[in-house]
Amino acid sequence: MSQENVEIWRASLDRQLAALAAGRSPEATIAEMAEIWDPEIELDASEAPVLDLNRVHRGRDAVRRFWQEWFSAWETLQYDYELIDAGESVVMLLELTMRGRATGIEVPFGKFAWITRFKDGLVVHVKLYMNQAEALEAAGPSE
């Protein structure tokens, strides 16, 4: 099941990247993301440096609001990612650069990670780590 989770996540990310590259609205990108969310999804952004968002978001509506707030701040998002199989979870290592919607200033967000846990092919829990090494340690990924 673990490799299957990696492929589910990769396909979702590819659809998100395509939506962003095509200039589709943030709502369209969020809709792409939500296709694989469990109704009881939990997104833990308690380590986020953005004070308005650094809490645990529970349920599809709350997670949708998190992403709406995030996307509303940025005109463009460019990222590279690597997915690592960690059993029932997938570790996503990212490096992100954004351009502010209001300022036009390019902001390197740097390297960070998400650990995403799946159940029956749907995302049930996502946790943000601002340090990739901590995420890898927390997940204990497979060799």
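The values are calculated or read from the model by the stated rules, or taken from the named source; none is laboratory data. None of the values given here were measured: they were computed from a predicted structure. Counting neighbours? That spans all protein chains shown, and the Cβs are built from the backbone with ideal geometry, glycine included. The area values use the complete protein model at the heavy-atom level, side chains included, leaving out ligands, DNA and RNA. Shrake-Rupley method; radii C 1.70, N 1.55, O 1.52, S 1.80 Å.
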How would you order 99-108, 127-136 from highest to lowest mean count of nearby Cβ atoms within 10 Å? 127-136, 99-108
Show the residues, 5+ positions off or on another chain, whose built amide H is closer than 5 Å to the amide H of GLY59. ILE41, GLU42, LEU43
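What percentage of the solvent-accessible surface of the chain, computed with a 1.4 Å probe over protein heavy atoms, is contributed by carbon and sulfur atoms? Could you put the intermediate results ahead of the total?
Working: 3710 of 7540 Å².
Using a 1.4 Å probe with all protein chains present, the chain comes out at 49 percent carbon and sulfur.
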Taking only protein heavy atoms and a 1.4 Å probe, what accessible area per residue, in Å², does the chain have with all protein chains in place? 53 Å²
Report, in deg cm²/dmol and to the nearest 500, the calculated mean residue ellipticity at 222 nm for the chain, where each DSSP H run with n ≥ 4 adds -39500 (n - 2.57) and the sum is divided by the residue count. -11000 deg cm²/dmol
At q = 0.12 1/Å the base-10 log of I(q)/I(0) from the Debye formula over the alpha-carbon atoms of region 1-75 is -0.36
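Once you charge only the Cβ atoms, +1 for Lys and Arg and -1 for Asp and Glu, what is the size of the charge dipole of region 17-119 about its Cα centre, to the nearest 20 debye?
Values: 11 positive and 18 negative charges, 53 e Å.
Around 260 debye, computed over region 17-119.
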Binned Cα-Cα distance frequencies in the chain - 5 Å width, integer %: 2, 10, 18, 24, 25, 14, 5, 1, 0
Would you mind getting me the FRET efficiency between ASN131 and GLU69? Use the beta-carbon distance for r and R0 = 30 Å, nearest 0.05. 0.85
Between LEU83 and ASP52, what's the calculated FRET efficiency when r is the beta-carbon distance and R0 is 35 Å? Round to 0.05. 0.80
Taking Rh as the Kirkwood radius, which is the inverse of the mean 1/r over Cα pairs, what is the Rg/Rh value for region 71-143? 1.06
